[in-house]
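The values are calculated or read from the model by the stated rules, or taken from the named source; none is laboratory data. Keep in mind the model is a prediction, meaning the values are calculated, not measured. Methodologically, a virtual Cβ is constructed for each residue, glycine included, from the backbone with ideal geometry; neighbour enumeration extends over all protein chains shown.
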Amino acid sequence: MFTKKEKSSSLTPKILLINPPYTLEERYGKNLKHFGGNAEPLGLAYIAAAALQDGHEIEIIDAPVQNFTSEMIQKKIINEKIELVGFTMLTPMYNNVKRIVGDIKQNCPETIIVIGGAHASALPEETISDIKNDIVCIGEGENTFREIAKAIEEKKDLTQIKGICFRQNNQIIRTAPRPFEKSLDVFPPPARHLLPMDKYFLTATRVKKSGYCGTVIVARGCPFGCSYCSHPFGRTFRAHSPERIVNEINELIEKYGAVQINLEADTLTINKDFIMSLCDKMIENNIHKKIKWTCESRIDTLSEEMLVKMKEAGCWQISIGVESGVDRLLKIINKGETKKEIEEKVKIIHKVGISIRAFFMLGLPSETREDSFETIKFAQKLNPDWAQFTITIPYPGTPLFDILKKSEEINSFDWKNYKTWGGWTEDNIPYITKGRTLEELKSMQKYALKKFYLRPSMFIKFFKRIDSFATLKKYIIGLLILLKVNKSQTSE
C-alpha cells in the first residue's frame with residue numbers, strides 16, 4: 001500500500017488531525033444555533049497525545065471553531081507535505097467529510113487518509129467503500145492510530161494492526177477487533193496545547209455562569225442496552241483514576257482559566273465506589289472551592305447518599321435521559337426504567353439541591369401524537385431546570401438502526417439528515433413512526449420547547465440566572481424564537 005510513496009525527509013510522517021467543517025447552523029438550524037456549543041474534540045487530542053510519544057510532528061485543525069474551509073485544508077496539506085491525515089466523523093458530518101476527502105485525493109493522491117469516530121466504527125466497510133479514503137479506525141483510536149503511523153513510517157503491511165478496515169489491491173480488508181484498554185490511565189492526557197482552547201464553549205443549558213467550561217473525559221463504556229445508543233467504547237465501564245481526573249481539572253483551571261467543568265462519561269455514577277472516591281479526591285484537593293461541575297448519569301444508578309456527596313464535591317447539575325413520559329415506550333426502547341422510578345429519583349435530586357437537565361425523545365417507534373403530548377406533560381411535572389426534546393434518530397451502530405433498516409422503515413440514508421434537532425432545520429428526518437408526518441413531527445419538537453419554557457416558573461428561574469448582558473441577550477433571543485412557534489399543527 002505504501003510502496004509508491006517516497007520516504008519523507010523527516011524521521012516520522014507529518015500528521016494532521018481534523019475535526020471537519022460543521023457549523024452550528026448545520027447542526028441546530030438557523031434559530032437554535034444561538035444556543036449550541038463547540039466543545040473540544042478531545043478524541044483527536046487523545047490520539048495526538050499518544051502519537052506525540054513516538055516523536056511525530058502533529059497538528060490538529062478544529063475547523064468549526066477555526067473557520068477552516070475545505071480549500072484551506074487542502075492548501076495546508078499541499079504546502080506542508082502532510083503524509084497522514086486523520087478525520088473524526090459523526091454521522092451528520094458524513095457528506096462534508098466525503099467532499100473534503102475527494103478533494104484531497106484529487107490534489108494529493110499519495111496522502112494517506114484515516115477516518116474514525118462513531119459512524120465509521122459502526123459502518124467501516126461502507127464508509128471506506130463510499131468515501132474512498134484509505135483506512136478506517138474502528139473504536140478506541142489511540143493505540144490503533146499509533147500503529148498506523150508506524151506502519152506508514154516503516155512501509156509495513158497493515159494486516160497485523162487490529163481494529164482497522166483498509167484498502168489493499170482493490171479489496172477492502174477488515175482486521176481482527178482491537179481489545180479495549182482496561183486502564184485508561186495508560187493513555188497520556190489529551191494534547192490540549194494543540195487546540196485553540198480560547199474558542200470553546202458548551203451549550204447554554206450546560207453552564208452555570210459566564211466563563212469557560214472545560215471538559216474532562218472521566219470514563220468510557222456503558223453496560224446498558226438502550227436501543228437508541230451505540231457502544232463505540234464497549235459495554236464495560238472503564239474510568240480514569242481520581243488522581244488523573246483531578247490533575248486534568250487543575251490544569252484546566254490553572255492553565256486555561258476554567259471557571260466550571262464538565263465531567264464527561266456516559267454514566268458517571270454507575271460505579272458507586274468510583275464516584276464516591278472521585279468526590280473525596282476532589283474535596284481533598286479543594287476542587288469544590290475552585291469550580292462547580294456538571295455531568296450525565298442514569299436515574300437508576302443514583303442514590304441520595306451519592307447525590308449528597310456529589311453536591312459537597314461541587315456538582316451543580318446532572319443531565320439525565322428520561323426519554324418518554326409513556327411506560328410502554330420506555331419498555332420498547334429498552335430503557336430499563338419506569339415513570340414511577342424516574343419521578344422518585346427526580347424528587348431526591350431536587351431535595352438535595354442539584355440542578356437537573358433532562359432529555360426527552362419525540363417520534364419513538366409506535367409513538368402517537370397523544371404520547372408526545374404525554375411526554376411534554378411529564379417533563380413539566382418533573383420540572384427540571386432545562387429540558388431538551390430531540391427527534392428520534394436511528395444512528396448506525398444502534399439496535400434501533402438495525403431493527404428499522406430490516407423492517408424497511410428508514411426513509412433516508414442521506415446522513416446529513418441524521419440530526420436530533422432536525423425539526424429546527426430544513427432537512428429531512430430519516431425515520432417517521434407510523435401515523436405521523438414529517439411536518440407534524442417537526443412542529444411537535446418546536447411546540448415541546450415552547451410549552452415547557454414559556455411558563456411563569458421558568459421565567460423566574462431564567463431571571464435568577466442572568467449574570468451578564470450576553471446571558472440576557474441569549475434569553476431574549478430564545479423568548480422571541482419560541483413566541484414565533486405556531487401551535488396550529490400541534491394542538492392538543
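How many residues, within region 165-186, are over 16 Å from ARG146 (Cβ atoms) and hydrophobic (A, V, I, L, M, F, W, C)?
From region 165-186, those over 16 Å from ARG146 (Cβ atoms) are 165, 167-174, 176-177, 182-183, 185; that's our starting set.
Within this subset, residues satisfying the condition of being hydrophobic (A, V, I, L, M, F, W, C) are 165, 172-173, 176.
Qualifying residue count, region 165-186: 4.
Contact annotation: residue pairs with Cβ atoms under 7 Å, 6 or more positions apart or on different chains, pairing a residue in region 323-349 that is in the same structural domain as CYS229 (by TED's automatic domain parsing) and assigned to a strand (DSSP E or B) with a partner that is modelled with pLDDT of 95 or more and not hydroxyl-bearing (Ser, Thr, Tyr), are GLU323/LEU330; GLU323/ILE333; GLU323/LYS335; GLU323/PHE359; GLU323/PHE360; GLU323/MET361.
Taking the listed residues PHE401, PHE413, PHE452, PHE459, the one that is at pLDDT 95 or above and loosely packed, with under 14 Cβ neighbours inside 10 Å is PHE413, with no other qualifying. Of all residues in region 133-148, none that is farther than 23 Å from CYS108 by Cβ and in the same structural domain as GLY234 (by TED's automatic domain parsing) has its Cβ atom under 9 Å from the Cβ atom of a residue that is of a type outside the set (Gly, Ala, Ser) and at pLDDT 95 or above, 6 or more apart or on another chain. Looking at region 252-266, is at least one residue in contact with a Gly (Cβ under 9 Å, 6 or more places away or on another chain) and among the charged types (D, E, K, R)? Yes - at least one qualifying residue is present in region 252-266.
Scanning region 111-132 for residues that are under 24 Å from SER230 (Cα atoms) and touching a residue at least 40 places away in the same chain (Cβ under 8 Å) yields GLY116, GLY117, ALA118, HIS119, SER121, ALA122, LEU123, PRO124, GLU125, ILE128, SER129. Counting the residues of region 182-207 that are part of a loop (DSSP other than H, G, I, E, B) and out of contact with any helix residue (DSSP H, G or I) (no Cβ under 8 Å at 6 or more places or on another chain) gives 4. Taking the conditions (1) closer than 23 Å to TRP293 by Cα; (2) touching a Lys or Arg at 6+ places or on another chain (Cβ under 9 Å); (3) among the aliphatic types (A, V, I, L, M) in turn, ALA358 satisfies each one other than (2).
Scanning region 301-322 for residues that are of a type outside the set (A, V, I, L, M, F, W, C) and either out of contact with any Gly (no Cβ under 7 Å at 6 or more places or on another chain) or not assigned by TED's automatic domain parsing to the domain that holds GLU254 (or both) gives THR301, SER303, GLU304, GLU305, LYS309, GLU312, GLY314, GLN317, SER319, GLY321.
Matching residues to (1) crowded, with 18+ Cβ neighbours inside 10 Å; (2) over 25 Å from MET444 (Cα atoms):
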{"position": "ILE318", "(1), (2)": "yes, yes"}
{"position": "VAL322", "(1), (2)": "yes, no"}
{"position": "ILE333", "(1), (2)": "yes, no"}
{"position": "ILE349", "(1), (2)": "yes, yes"}
{"position": "LYS377", "(1), (2)": "no, no"}
{"position": "ASN383", "(1), (2)": "no, no"}
{"position": "THR390", "(1), (2)": "yes, no"}
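Exactly one residue among ARG167, ARG206 is in the same structural domain as LEU123 (by TED's automatic domain parsing), of a type in the set (D, E, K, R) and buried (at least 16 other Cβ atoms within 10 Å of the Cβ), and that residue is ARG167. Any chance you could count how many residues in region 149-167 are touching a residue at least 40 places away in the same chain (Cβ under 8 Å) and closer than 18 Å to ILE58 by Cβ? Going through region 149-167 one residue at a time, the tally reaches 5.
Report yes if LYS311 is surrounded by fewer than 19 Cβ atoms within 10 Å (Cβ to Cβ) and more than 26 Å from the chain's Cα centre (by Cα), otherwise no.
Numbers: surrounded by fewer than 19 Cβ atoms within 10 Å (Cβ to Cβ): yes; more than 26 Å from the chain's Cα centre (by Cα): no.
So LYS311 fails the test.
Which ranges mark the helices (runs of 4 or more DSSP H) fully within region 235-310 that have 1 or more residues being hydroxyl-bearing (Ser, Thr, Tyr) and under 29 Å from ASP467 (Cα atoms)? Those helices (runs of 4 or more DSSP H) span 242-256. Of the residues TYR212, TYR228, the single one that is under 19 Å from the mean Cα position of the chain (by Cα), outside the structural domain of ASN67 (by TED's automatic domain parsing) and surrounded by fewer than 21 Cβ atoms within 10 Å (Cβ to Cβ) is TYR212. Screening region 314-355 for residues that are of a type in the set (Lys, Arg) and over 24 Å from the mean Cα position of the chain (by Cα) and picking the one that is farthest from LYS272 (Cα to Cα) gives ARG328.
Please verify whether region 214-222 includes one or more residues that are outside any helix (DSSP H, G or I), within 30 Å of ILE476 (Cβ to Cβ) and in contact (Cβ under 8 Å) with a residue 40 or more places away in the chain.
Step one: list which residues in region 214-222 are outside any helix (DSSP H, G or I), which gives 214-222.
Those still in the list that are within 30 Å of ILE476 (Cβ to Cβ) too: 214-215.
From what is left, the residues that are in contact (Cβ under 8 Å) with a residue 40 or more places away in the chain are 214-215.
The answer is yes, given that some residue of region 214-222 is outside any helix (DSSP H, G or I), within 30 Å of ILE476 (Cβ to Cβ) and in contact (Cβ under 8 Å) with a residue 40 or more places away in the chain.
Could you please give the count of residues in region 26-54 that are of a type outside the set (A, V, I, L, M), part of a helix (DSSP H, G or I) and within 25 Å of ILE104 (Cα to Cα)? Let's see the steps before the verdict.
Filtering region 26-54 for residues of a type outside the set (A, V, I, L, M) gives 26-31, 33-38, 40-41, 43, 46, 53-54.
Then drop every residue that is not part of a helix (DSSP H, G or I), which leaves 26-31, 33-35, 43, 46.
Of the ones still in play, those that are also within 25 Å of ILE104 (Cα to Cα) are 26-27, 43, 46.
Total meeting the criteria: 4.
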